[in-house]
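Read-outs: derived from the displayed coordinates by stated rules, not from any lab. The shown structure was predicted, so the numbers you read here are calculated from the model rather than taken from an experiment. Here the Cβ is made from the backbone with ideal geometry for all residues, glycine too, and neighbour counts use every protein chain on show.
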Amino acid sequence: MTDVVFALAINGLVWGLIIALIALGLSIIFGLLDIINVAHGDLFMLGTVGGLVIATATGSFWVAIVLVPIIAFALGLALERFVIRPTIRQAALTIVTTFGLSMMLQEGVRATYGPQPRRMAPPIGGTVPLFGIDYDIYRLFAAIFAALALAAFFVFLNRTKLGTRIRAVRHDPETATALGIPVARVCGITFALGTAMAALGGVIAAPITTVEFRTGVDILPFCFMAVVIGGLGNLQGTVAAAVLLAVMEGLVTSFANPTIARIVSLAIMSGVLLFRPHGLFAGATR
């Protein structure tokens, strides 16, 4: 029983780091553009499908993990310019717009890729002894890769000129405009960056989860819970909340079914909204 609990906890940690990467993309989009991107889970789904298609066509998962985020970044630029920007000043309309985008992405993938769930073989096979259990090597790789991607994002945000501009626009767009920062361009790049992060999470997750047009349906609520519990716009809080929620759900699953685990997560989110509406990690640096 102890081995099962430990394995589920490690699975939760691995999944939590992947979810953190996806939720972080959602959080930076909300923090900068102040929009609720209902299609964010489907951008993750595009990453899983794109990863499988490119890996199958080229025979290399590593080509997919490089190409998919680049393609997603270009897609994000186009979506921000032609779909998001025209409605950005109307919060309710952006929800309707991104919901419509979500339906278009799902049905587009179903029409071209097909409705049948598929599996991707892990690019790294085998297991490794880990605290008394044999654990999949690829899952450990996925956790390490996601953690490195998260660290790279925060280095980019805090140590580069573009990252400084993104932080400036998030903090005070009017002053940023007065200082000559091209706010519209920064917003477009930020949306594209969030899209690329969701797609990258999809490529990493593809060998772990099923690949189908509905893959993003379960991911989106979990990402929103992480963003809400971590604090709206609080990037570090979002990462911490995603990891903690995933580990907690893994532990709960060891003695209850996954539905109960998700109910517990929703109860935690409700409690945070009731008693700490600014987020559980509201005091953390943003």
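Length gain on complete extension for the stretch residue 116 to residue 3, per 0.36 nm per residue less the alpha carbon to alpha carbon distance?
Here the answer is 37.3 nm.
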Applying 1/(1 + (r/R0)^6) with R0 = 22 Å to the Cβ-Cβ distance of residue 60 and residue 141, what FRET efficiency is obtained, to the nearest 0.05? 0.90
Please report how far the C-alpha centroid of the range 200-247 lies from that of the range 58-74, rounded to the nearest whole angstrom. 20
Cα-projected label distance for residue 260 with residue 184, points at 7 Å along beta-carbon direction, nm: 5.5
To the nearest 10 degrees, the tilt of helix 61-79 (Cα long axis) against the first principal axis of the alpha carbons of the chain is 30
Please determine, in degrees from 0 to 90 and to the nearest 10, the orientation of helix 40-58 with respect to the longest principal axis defined by the Cα atoms of the chain, where the helix direction is its Cα long axis. 60
Rank the residues 225, 104, 45, 197 as a footprinting-exposure proxy: fewest other Cβ atoms within 10 Å of their Cβ go first. 104, 225, 45, 197
Ranked on Cβ counts within 10 Å of their own Cβ, fewest leading, 187, 223 go 187, 223
At 0.36 nm per residue, and after removing the present C-alpha to C-alpha distance, how many nm does the segment from residue 159 to residue 91 gain when stretched out fully? 21.3 nm
With a cut-off of 18 Å, note down the residues of the range 4-28 whose backbone N falls inside the zone around a label point 7 Å from the Cα of residue 148 toward its beta carbon. 14-15, 17-22
Roughly how big is the range 2-275's charge dipole about its Cα centre, with Cβ charges of +1 (Lys, Arg) and -1 (Asp, Glu), in debye to the nearest 20? 620
Order by neighbour count: 255, 73, fewest other Cβ atoms within 10 Å first, most last. 255, 73
According to a simple spin-label model (label point 7 Å from Cα along Cα-to-Cβ), what is the distance in nm between residue 70 and residue 275? 4.9
Residues meeting the amide H criterion for residue 130 (H placed from the backbone, H to H distance under 5 Å, 5 or more places apart or on another chain) are 135
To test your reading of the geometry: what angle, between 0 and 90 degrees and rounded to tens, separates the Cα axis of helix 258-275 from the longest principal axis of the chain? 40
